[in-house]
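Below is one structure, written out as structure tokens, with a few remarks after it.
The values are calculated or read from the model by the stated rules, or taken from the named source; none is laboratory data. Nothing here was measured: the structure is a model prediction, and the numbers come from that model. Glycine gets a Cβ as well: all are built from the backbone with ideal geometry, and neighbour counts include every protein chain shown. These area figures cover heavy atoms from the full protein model, side chains too; ligands, DNA and RNA do not enter into them. Shrake-Rupley method; radii C 1.70, N 1.55, O 1.52, S 1.80 Å.
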Amino acid sequence: MEMNEFRVLGHELVDWIAEYLETVEGRLLFPVVTPRDLDELFAEPLPQDPSPPDQVFRDLKEKLVPNCCHVNHPGYFGFITSTPTPMGILADLLCSALNQNVGVYSIGPGAVALECRTVRWLADLVGYGDSAGGHLTSGGTMANFVGLKLARDWASDNRAQHEGIRNHWAIYVSEERHVSLDKAVDAIGVGRESMRKLPVDDEFRIRLDALEDAIASDRQHGIRPMCIIGLAGTTNTGAVDPLEALRQLADREQAWFHVDAAYGGGMLLSQKWPRLLQGIQLADSITIDPHKWFFAPLDAGALLVRERAQLRRSFGMQTAYLLDESDLENERFQYYIHSFEQSRRFRSLKVWMSFKRYGSKQIGQWIDANVEQAKYLALLCEQHPNFQVAAQPLMSAICIRYQPPSVDEGLLSRLHAEVARRIEDGGQFWITTTQLKGKSWFRINPVNFRTRLDHMEALLALLQRECELVHLSWAKNEQS
């Protein structure tokens, strides 16, 4: 491809993206299509010959774009994937063009420096001191994995990475945890049976009495606490565990304290609720996902650690083919020595560029607007006779439930699933369902700077209509 052709195509693509973002609210949010339809749509052998660029773009516009879930749509309230900022979108384009590997200094010196600065900004947000460190990851799953590996290594005096697990350990977290923590416990070799999944209170925070009992029981059986995990923004309701109390317990038990703030970390930018995550600065390690609520494009997670020296203790392996013999003063920072990944995408660029373009105040205002939307929906539900709220939202996550009189839980569970399917088919909104303490709920979570309060009103009106239609239809079928 000649550069003139690249230039023309690039301008066309940027123009198309701008128009797409301006008109996305008019699109069907989720495609009405089956997996088999999509299989057939893309069924073709590996191309042997080149195609004209306009044909490639036409295929994308006709086959891919109509079959996307449009997370840029202001009615997208599903899994926590935020609307990316335009500056973040351009940053990813530049990232691909520069193609810097941040894992090794010599093939990305400026990128390494920029990521170090971005990590410093994130460490400042959580309240860490000068000894903090960290790195960008693909997301919360990888960040939680690294956090628990650090916990394992630290608890074993940094022997486990050499010897494996030789003692009986336990890891403690609430039942409202993200599934990535289960995967991490498995991946570090402790085993899922060693995870103590503890009950929560009425506000869906870990119960400290249950935690104390679990630790005491484990101690009696010769099982040592390795890590206590605090949740700072649960996926279902945005609940925040008592972080300061968990730190005290971790100190008493000589356990690592990890905080999963993959979603809730966005509240560190809030101007209306600035102390919601008080105590997060006490954690030994923290998971934060800028691609969740800092409005960065995928993928951009982050693992922060209070003492960066532990990163080198856990990952500090060097081989001859990666030695940088030009670094005579040992000044070049090598991310592969401080993290799991060696080939690392330049993820920090979109976070850095978004902070530079919009500033933390503007991003914080978008976050506060999402929280206000959740609180407004809660208020609307409280005024409705047949809808209830699981807990008052602290963040943008809110779970609501259709609860007409005299309907059993089994029927309600099927009703919530059917209504969510109908909402998806309608293409105006996209929500999910979940389970809280054995009951079914609609889970709604705006992480979108295009969402407005009137979207909350329209969503509840649609939910009311669909719930009543399904309920009435099923009641008639039972009578007949």
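Which far-off residues, 5 or more places away or on another chain, put their amide H under 5 Å from the one on T433, with H placed in the peptide plane?
R443
How about the stretch 37-93: which chymotrypsin sites (Phe, Trp or Tyr not before Pro) there are in a DSSP loop, with at most 11 other Cβ atoms within 10 Å of their Cβ? Don't skip to the answer; put the middle values down first.
Details: sites: F42, F57, Y76, F77, F79; in loops: F42, F77, F79.
Sites meeting the loop and neighbour criteria: F42.
Can you list residues whose amide H is under 5 Å from G103's amide H, if they're 5+ apart or on another chain and H is modeled 1.01 Å from N?
R344
Apply the Karplus curve 6.51 cos²θ - 1.76 cosθ + 1.60, θ = phi - 60°, to the phi angles in the stretch 272-283 and return the couplings in whole Hz, x for Gly and Pro.
Those phi angles translate into 8, 10, x, 10, 4, 9, 3, x, 5, 5, 8, 5 Hz.
Per residue of the stretch 12-22, in order, report the coupling 6.51 cos²θ - 1.76 cosθ + 1.60 (Karplus, θ = phi - 60°) as ³J(HN,Hα) in whole Hz, putting x for Gly and Pro.
4, 5, 5, 4, 5, 4, 4, 5, 4, 5, 6
What lysines does K361 reach when the alpha-carbon gap must be under 30 Å and sequence neighbours fewer than 8 apart in one chain are set aside?
The qualifying lysines are K272, K292, K350, K375.
Run through the stretch 1-84 and list the GluC sites (Glu not before Pro) located in a DSSP loop whose Cβ has at most 16 other Cβ atoms within 10 Å. Could the numbers behind the result be given before it?
On the way: sites: E2, E5, E12, E19, E22, E25, E40, E62; in loops: E2.
Answer in residue order: E2.
List the residues, sorted by chain then number, that are 5 or more residues from N386 or on another chain and whose placed amide H is less than 5 Å from its amide H.
The list, which skips near neighbours in sequence, is empty: none.
How big is the antiparallel share of DSSP beta bridges in the chain, given as a percent to the nearest 5? Don't skip to the answer; put the middle values down first.
Values: 22 of 40 bridges.
Restricted to the chain, the bridges split so that about 55 percent are antiparallel.
Just the number please: accessible area per residue for the chain, 1.4 Å probe, all protein chains included, in Å².
Numbers: 22810 Å² over 480 residues.
It amounts to 48 Å² per residue over the chain.
Summarise the accessible area of the stretch 379-480 (1.4 Å probe, protein heavy atoms) by the percent that is carbon and sulfur.
After summing per-atom areas, the C and S share lands at 50 percent.
Applying the Karplus parametrisation 6.51 cos²θ - 1.76 cosθ + 1.60 with θ = phi - 60° to the phi angles of the stretch 66-73, what ³J(HN,Hα) value in whole Hz is obtained for each residue in order, glycine and proline being reported as x?
x, 10, 8, 8, 7, 5, 6, 5
At a 1.4 Å probe radius, carbon and sulfur cover how many percent of the accessible area of the stretch 42-199? Before the final figure, lay out each step's value.
Values: 4030 of 7360 Å².
Within the stretch 42-199, the accessible surface is 55 percent carbon and sulfur.
Could you pull the Cα extents of the chain along its three principal axes, largest to smallest, in whole Å?
Each principal axis gives a Cα extent; for the chain these are 79, 71, 45 Å.
For K149, go through the lysines and keep the ones whose alpha-carbon is under 16 Å away, minus same-chain ones fewer than eight residues off.
K183
I'd like the GluC sites (Glu not before Pro) in the stretch 347-429 restricted to DSSP loop residues with at most 14 other Cβ atoms within 10 Å, sorted by number.
Numbers: sites: E372, E382, E409, E418, E424; in loops: none.
Loop-located and lightly packed - none at all.
Counting Lys and Arg as +1 and Asp and Glu as -1, each charge on the Cβ, what is the dipole of the chain about the Cα centre in debye, to the nearest 20? Please list the in-between numbers first.
On the way: 50 positive and 62 negative charges, 184 e Å.
For the chain, the charge dipole is close to 880 debye.
Per DSSP H run of at least 4 residues, take -39500 (n - 2.57); add these up for the chain, divide by its residues and hand me the 222 nm value, nearest 500 deg cm²/dmol. Show your work: numbers first, answer last.
Details: 15 runs with 210 residues, N = 480.
After summing the helix terms and dividing by the residues of the chain, the value is -14000 deg cm²/dmol.
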